[in-house]
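Undergrad: Mind having a look at this structure? Questions to follow.
The values are calculated or read from the model by the stated rules, or taken from the named source; none is laboratory data. Just so you know, these numbers come straight off a predicted model, no measurement behind them. Here the Cβ is made from the backbone with ideal geometry for all residues, glycine too, and neighbour counts use every protein chain on show. These area figures cover heavy atoms from the full protein model, side chains too; ligands, DNA and RNA do not enter into them. Shrake-Rupley method; radii C 1.70, N 1.55, O 1.52, S 1.80 Å.
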Amino acid sequence: MSAPRSRKFTAKPTTHPQPSSALGQQAKAAKTVARTAAQEVRIIGGQWKRSVLPVPVSAGLRPTPSRVRETLFNWLGQDLSGWRVLDAFAGTGALGFEAASRGADEVVLLERDTSLVRHLQATQTRLNAAQVRVAQADAVSWMRQPRQAQAFDLVFLDPPFDEALFWPALEGALSCVPADGWIYLESPAPLQALPQAEQHADLIAGLIAQLALHRHGQAGAVHFHLFRRVAADQSPPLPAA
């Protein structure tokens with residue numbers, strides 16, 4: 001999987017709000033995004049182009065918008081043939097089914113909500129998506145299992161904005177991809193500005209040593225990042241903002 005040179009990710013040294021305040025800001029961002037979420041989304045490329053994915057009524061559910069997915073797959077490339085993909089917080093499955101539509105050999109959709117799991121299974125059946133597997137699981141715990149080590153070429157992370165899962169989710173995703181593997185993350189702020197809880201300090205330092213920021217974009221209240229897993233000496237530091 002060749003790609004243009006990426007920049008090394010470094011956390012910006014800033015003074016962050018207290019955890020309760022930070023979580024309050026994340027919850028506010030989650031509500032803002034959820035209020036404007038579409039009631040249905042469509043796959044925008046590949047064999048299931050224009051197929052409808054219904055958006056069930058569920059607290060905080062916010063499928064990745066079409067324009068964000070279009071940008072993401074312009075970054076990744078339109079043909080994912082041979083790729084193994086994990087959609088770790090699947091929700092509607094918009095990212096995972098998009099990857100399967102574009103030729104991914106294997107796509108695993110993880111979702112902990114029972115109702116959403118049933119919706120994902122119904123969509124899989126309707127599309128006859130044999131390469132897609134739906135599993136009900138806690139995404140962070142699932143990714144930390146030793147048997148998932150380097151099992152995927154690409155991991156999608158779109159965790160609930162009102163839960164402090166961004167850093168643990170990135171840690172789990174890193175164990176799932178090899179060097180040069182890709183990790184995509186959505187968040188309510190640029191990653192450098194997310195709360196860095198004191199208890200995560202060692203975890204964050206380890207992540208910074210292995211992440212290169214390939215692209216970053218923003219659509220409304222959502223920031224989206226594409227990272228590549230690299231060796232510590234492969235990329236120059238990310239310039240300070």
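Undergrad: So, in segment 91-125, exactly how many residues are out of contact with any Leu (no Cβ under 7 Å at 6 or more places or on another chain), farther than 16 Å from L61 by Cα, of a type outside the set (S, T, N, Q) and in contact (Cβ under 8 Å) with a residue 24 or more places away in the chain?
TA: 5
Yes/no per residue for (1) assigned to a helix (DSSP H, G or I); (2) open to solvent by less than 40 Å² (accessible area, probe 1.4 Å); (3) of a type outside the set (A, V, I, L, M, F, W, C); (4) at pLDDT 95 or above:
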residue	(1), (2), (3), (4)
A135	no, yes, no, yes
V140	yes, yes, no, yes
F161	no, yes, no, no
A164	no, no, no, no
L170	yes, yes, no, no
A189	no, yes, no, no
Q199	yes, no, yes, no
L203	yes, yes, no, no
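Undergrad: Sticking with this structure for a sec: Out of F152, F227, report the one residue that is touching a His at 6+ places or on another chain (Cβ under 8 Å) and aromatic (F, W, Y).
TA: Working: F152 fails: touching a His at 6+ places or on another chain (Cβ under 8 Å).
Exactly one residue qualifies, and that residue is F227.
Undergrad: Going by the conditions given, is L174 touching a Lys or Arg at 6+ places or on another chain (Cβ under 7 Å) and surrounded by 17 or more Cβ atoms within 10 Å (Cβ to Cβ)?
TA: yes
Undergrad: Pick out, from segment 1-108, the helices (runs of 4 or more DSSP H) lying fully within it that include 2 or more residues that are modelled with pLDDT under 90 and either of a type in the set (A, V, I, L, M, F, W, C) or under 19 Å from the mean Cα position of the chain (by Cα) (or both).
TA: Values: elements: 19-35, 66-76, 94-101.
In segment 1-108, 19-35 are the helices (runs of 4 or more DSSP H) which contain 2 or more residues that are modelled with pLDDT under 90 and either of a type in the set (A, V, I, L, M, F, W, C) or under 19 Å from the mean Cα position of the chain (by Cα) (or both).
Undergrad: Scan segment 198-215 and give yes if some residue there is at positive phi and of a type outside the set (K, R), otherwise no.
TA: First, pick out the residues of segment 198-215 that are at positive phi: none.
Within segment 198-215, none of the residues are at positive phi and of a type outside the set (K, R).
Undergrad: Out of S175, S115, I need the residue that is within 22 Å of T92 (Cβ to Cβ) and assigned to a helix (DSSP H, G or I). Which one?
TA: On the way: S175 fails: within 22 Å of T92 (Cβ to Cβ).
None of the other options fit; the residue is S115.
Undergrad: Also: Quick one: would you say T123 is in a helix (DSSP H, G or I), of a type outside the set (D, E, K, R), at pLDDT 90 or above and over 19 Å from G220 (Cβ atoms)? It would help to see each step written out before you state the result.
TA: Working: in a helix (DSSP H, G or I): yes; of a type outside the set (D, E, K, R): yes; at pLDDT 90 or above: yes; over 19 Å from G220 (Cβ atoms): yes.
Against the criterion (in a helix (DSSP H, G or I), of a type outside the set (D, E, K, R), at pLDDT 90 or above and over 19 Å from G220 (Cβ atoms)), T123 qualifies.
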